[in-house]
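Here's the structure, in structure tokens; my notes come after.
Every number in this text was worked out from the coordinates using simple rules, so none of it is lab data. A quick note: this is a predicted structure, and the numbers were derived from the prediction, not measured. All Cβ positions, glycine included, derive from the backbone under ideal geometry; neighbour counts span all protein chains shown.
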């Protein structure tokens, strides 16, 4: 990487009123992505040797976990307390809560187990909003096309049709749970544009959309008489029937002890979120602490097929400094509101509302070619020109982006006076477990919803489709799981799938030394170095 | 590290009873990790919105509460990570509300403590988000739920105010109730309703999903 300007020099040269030329018109997105997007870093990739996706490529950090050993054996289950429930939901973010509420609405008894506290998730941190085609000049059809196109046509059209068709109903359901949204003076829902979308379609609650959604859903789950919540109860392993082909429950651990608990369930819904805390290719992340890909590991070991394992989203505008906020998000909403991106030379270099993968690749190009800005504390980035936005629309940042301001206040910076230094941050797992429109995976009895599921976003997700997906598919999975048929006869619970996975690893000559799911990043363990970019 | 404790670049503090040496730009969470403090599991978003990393903080004789991911290491302080808040004591489901005229009466049944605020400021002092908690409670008790909910807009549900309240008002839950009931009864956006009605008359057809050029 060529060295650009120091932060001090770049700040001294910065003028919020400088005349700006438009960004280059002619770009070749494919060439840009090939050359600069982290998905195309060949060095960090590995080929899976075992499992349903054997032969497929994925980042090495993920391959290591997908091909790791389980923690437990059948002998560990002896004497463990057994709990029965209709539906077991693993994960306490937005998708898990939506699934639990939907299943409970259909009369199922639901047990929701979450690794951390209920609501500790990427949902609560989401800022920008969710998509629903509700404006007169917009349509569900346009939403469908935007989603498929931005995903480079790798998404499953049937899943995308289900997602976009649910949009308006999802908003109504959220309002019925008690969620507020920003309105215009006439009472309409306020909508924003975003990168890669053809009409204003993002509904939001200032830049706290995820917080508003999560605190409402958490309260709804806690208050619901049909849902029991176990927190600090990470899933250690799934349970299978004698053939190892059907999921019949899970083994839950505890963050404050070694005690294992067995949960037998008619259906299990994985809603464990993403993988940001694996820091693929050494990137910082916008994700919460628990995003260690546990659901992918559990699903893969029991034989569920995954998709797009080599495709991840690097959100263009992660913070660079101060270091403790490295990788934390500045919402795309601020670019939708007019904030521009400038390189160290003070020039625009990309249309800011291109899809996220293209904008991220352009930022990485600028930094690699010596047009980045380097703070003393490490890292590199480009300007997100919030100060110019404030000049052109005074008061806008305070009214619409209170989260950005609150965080900046603690960090001792003011985005209204100075631009903010940003660099792409590992944000989202585009793929995941293969599902159908009911959220069913390729393994009987096992459902997946939210970020852990794949097939919707193709190879690039557009803003606002994640918060829509967790509700749309969370509810779909919850309904389907609640209505799934009873098995007749005695329910045998085994770890046969673990035995089979171990045999496959042994036959492939893979080591059995590493264990997964990871549950927490290594740097939280006592005595470990704190992870640094 | 060779620097003396108390110099600019290093600070010594106590976290969960463990002596920790950290750098002052580190948050308490980072300091706890760096210092090998075991069993710090009440950590979530690391950006101040999940409300999990609740701490009790002692600076000399002064005791306060805060969120560990937004508090920086300081020399000589003592930090205790607090357990997660107790289960909610107040039980309601929004679908039990049939009539908007009854909200205030029902609110008084669900949260009878809200009318008993003695203005001790414990909640206000404990709030890491600077929310005017007491005013919000007074607004809710007076049936002004929209305004009460707005007062709690930046609430992250850490429930530190709840721990501080001698009347056990559960202010964070009162604030959230105020926000939820406002949306449930009053948020009726015409653009959304119109599109829902269009889709009711002509459902979006998944067969018609060919992309137009």
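What the table shows:
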{"read-out": "Mean Cβ neighbour count within 10 Å, used as a protection proxy, ranking A:444-451, A:72-79, A:133-140 highest first", "value": "A:444-451, A:133-140, A:72-79"}
{"read-out": "Antiparallel DSSP beta bridges within chain A, as percent of all bridges there, nearest 5", "value": "55 percent"}
{"read-out": "Fewest-first ranking of A:310, A:376, using other Cβ atoms within 10 Å as the exposure measure", "value": "A:376, A:310"}
{"read-out": "Tilt relative to chain A, helix A:465-483 - C-alpha long axis, 0 to 90 degrees, to 10", "value": "10 degrees"}
{"read-out": "Average beta-carbon neighbours from other chains, 10 Å sphere, peptide B:97-105", "value": "0"}
{"read-out": "Ellipticity estimate at 222 nm from DSSP helix runs (n ≥ 4, -39,500 (n - 2.57)) divided over chain B, nearest 500", "value": "-9000 deg cm²/dmol"}
{"read-out": "Length gained when the stretch residue A:199-residue A:73 is fully extended (0.36 nm per residue, less Cα-Cα span)", "value": "40.1 nm"}
{"read-out": "Approximate spin-label separation residue A:264-residue A:137, in nm, with each point projected 7 Å along Cα-to-Cβ", "value": "6.0 nm"}
{"read-out": "Length gained when the stretch residue B:18-residue B:59 is fully extended (0.36 nm per residue, less Cα-Cα span)", "value": "13.2 nm"}
{"read-out": "Within 10 Å of each Cβ in A:150-159, the average number of Cβ atoms from other chains", "value": "1"}
{"read-out": "Residues residue A:31 and residue A:64, FRET efficiency given R0 of 35 Å [Cβ-Cβ distance, rounded to 0.05]", "value": "0.65"}
{"read-out": "Cα shape, region B:1-90, gyration tensor, a/c 1.5 rule", "value": "prolate"}
{"read-out": "Förster radius 41 Å - calculated FRET efficiency between residue A:491 and residue A:57, Cβ distance, rounded to 0.05", "value": "0.60"}
{"read-out": "FRET efficiency, 1/(1 + (r/R0)^6) with R0 60 Å, evaluated for residue A:411 and residue A:242 via beta carbons", "value": "0.60"}
{"read-out": "Angle between chain A longest axis and helix A:140-150 axis [Cα atoms, degrees, rounded to 10]", "value": "80 degrees"}
{"read-out": "Taking A:307, B:120 and counting other C-beta atoms within 10 Å, the order from fewest to most", "value": "B:120, A:307"}
{"read-out": "Residue order, fewest to most beta carbons within 10 Å, for B:98, A:246, A:115, A:403", "value": "B:98, A:246, A:403, A:115"}
{"read-out": "Test item: B:192-202 mean partner chain Cβ contacts at 10 Å", "value": "5"}
{"read-out": "Two-site label geometry, residue A:515 and residue B:106: point separation in nm, points 7 Å out along Cα→Cβ", "value": "4.9 nm"}
{"read-out": "GNM flexibility winner over chain B from B:150, B:93, B:135 (Cα, springs under 10 Å)", "value": "B:93"}
{"read-out": "Computed lengthening from residue A:185 to residue A:106, 0.36 nm per intervening residue step minus Cα-Cα distance", "value": "24.7 nm"}
{"read-out": "In degrees, nearest ten, helix A:157-177 long axis to first principal axis of chain A (Cα)", "value": "90 degrees"}
{"read-out": "Region B:11-81, relative contact order in percent, only Cα pairs under 8 angstrom and at least six apart counted", "value": "42 percent"}
{"read-out": "Average projected area [Cα convex hull, region B:94-186], square nanometres", "value": "5.3 nm²"}
{"read-out": "Computed [θ] at 222 nm, deg cm²/dmol, chain A (DSSP H ≥ 4; -39,500 (n - 2.57); rounded to nearest 500)", "value": "-9000 deg cm²/dmol"}
{"read-out": "Pair residue A:80, residue B:201: separation of 7 Å Cα→Cβ label points (nm)", "value": "5.6 nm"}
{"read-out": "Whole-number percent relative contact order across chain A, with pairs defined as alpha carbons under 8 Å at least 6 apart", "value": "26 percent"}
